[in-house]
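The values are calculated or read from the model by the stated rules, or taken from the named source; none is laboratory data. Note that the structure is predicted; figures quoted are calculated from it, not measured. Please note: Cβ atoms are built from the backbone with ideal geometry, for glycine as well, and neighbour counts cover all protein chains shown. Quick note on the areas: whole protein, heavy atoms, side chains included, nothing else; ligands and nucleic acids left out. Shrake-Rupley method; radii C 1.70, N 1.55, O 1.52, S 1.80 Å.
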Amino acid sequence: MSLALRREISSMKFEKAVDCQLKLRVGIHSGSCVAGVIGTKMPRYCLFGDTVNTSSRMESHGEAGKIQCSKATRDLLDKIGSYVLMLRGEITIKGKGNMETYWLVGKESL
């Protein structure tokens, strides 16, 4: 989904801002989390857990126009196959320490 979002956003044109280029920054981490609806007057669907926090850190430490993934996500994508990932290297993540991260570049064509 993030690959499709990045592709669509890169092709968007704005009438009033001709020189404006919108760029998406995505962070992905894989693992368990808890989900539930919070509130009664204005209910919201929320996700909780370390996986959610880590994916948020992947996004905030990423670069515009790129999709950053954790090693856990890279391992799952490798099992699925046909995804192209490039090693970004280790980055320091608050509360986690050093983490090996990857850029999700695209999908291999069959």
(message) If I filter the stretch 55-100 down to residues being among the β-branched types (Val, Ile, Thr) and closer than 20 Å to SER32 by Cβ, which single residue comes out as farthest from the chain's Cα centre (by Cα)?
(response) ILE80
(message) Can you pull out every residue in the stretch 1-50 that is surrounded by 10 or more Cβ atoms within 10 Å (Cβ to Cβ), within 26 Å of LEU104 (Cα to Cα) and without any contact (Cβ under 8 Å) to a residue 12 or more places away in the chain?
(response) ARG7, GLU8, GLN21, CYS46
(request) For residues that are free of Cβ contacts under 8 Å to residues at least 24 places away in the same chain and hydroxyl-bearing (Ser, Thr, Tyr), scanning just the stretch 55-110, find the one that is least open to solvent (accessible area, probe 1.4 Å). (result) THR92
